[in-house]
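To start, the structure under review is shown below, and the notes come after it.
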Amino acid sequence: MRLIEPTMAYDAQIQDFRQEYLAYGGSMDGSSSLRKYDRTQDWLDQLEPLTSQYIYVREADDKVVGIIQIRHRFNAFLEKYAGHIGYCVRPSERRKGYASQMLALVLPECARLGINDVLVCCYADNEASRRTIVRNGGIYESTVQEPSSQSWIERYWIHLPQ
């Protein structure tokens with residue numbers, strides 16, 4: 001397994017990932033709005049300069065099984081409801097530990113960026129994501145309600161060594 005920056009070399013895989021998510025109906029967190037883009041190049045062109053975007057690729061078959069993003073700086077929404085990291089795993093590849101592996105692999109990049117206190121959030125009813133965060137050192141801070149969706153969001157901090 002490896003995290004790599006997305007490129008057009010993974011065009012078909014990225015679009016296959018997107019189509020599976022659209023059929024599943026999930027939120028595709030951490031994908032920088034991939035759901036909106038029929039063309040991978042359009043998605044790549046809109047990636048924010050203050051984020052680090054990665055695809056998680058299974059080397060055995062070169063399959064994109066997840067997407068993860070580091071947000072270098074906060075706006076008001078990210079600071080309260082989303083945090084530094086967003087991630088998602090392809091629905092057909094869940095329950096295999098990929099989310100925990102992705103998060104573990106991206107934390108050293110956070111440290112390189114100077115983000116030593118990493119905020120990671122999840123929906124309060126997402127037990128799998130909660131376990132992923134806690135497995136990677138997440139310490140629960142609070143639960144807040146996101147006003148537009150009325151969803152309850154749990155906030156966790158992962159403190160990295162400096």
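Values in this text are rule-based calculations from the coordinates and carry no lab data. Computed from a predicted structure; not experimentally measured. All Cβ positions, even for glycine, are placed from backbone atoms using ideal geometry, and neighbour counts span all protein chains on display.
Give the residues of the range 6-53 that are more than 17 Å from the chain's Cα centre (by Cα), free of Cβ contacts under 8 Å to residues at least 24 places away in the same chain and not in a loop (DSSP other than H, G, I, E, B), sorted by residue number.
Selection gives Ala9, Ala12, Gln19, Ala23, Asp42, Asp45.
For the range 1-17, what are the residues that are among the acidic types (Asp, Glu) and either in contact with an Asp or Glu (Cβ under 8 Å, 6 or more places away or on another chain) or closer than 15 Å to Val89 by Cα (or both)?
Asp16
When the range 14-35 is examined, which residues are found to be among the charged types (D, E, K, R), touching a helix residue (DSSP H, G or I) at 6+ places or on another chain (Cβ under 8 Å), surrounded by fewer than 17 Cβ atoms within 10 Å (Cβ to Cβ) and farther than 21 Å from Tyr81 by Cα?
Residue satisfying the conditions is Glu20 alone.
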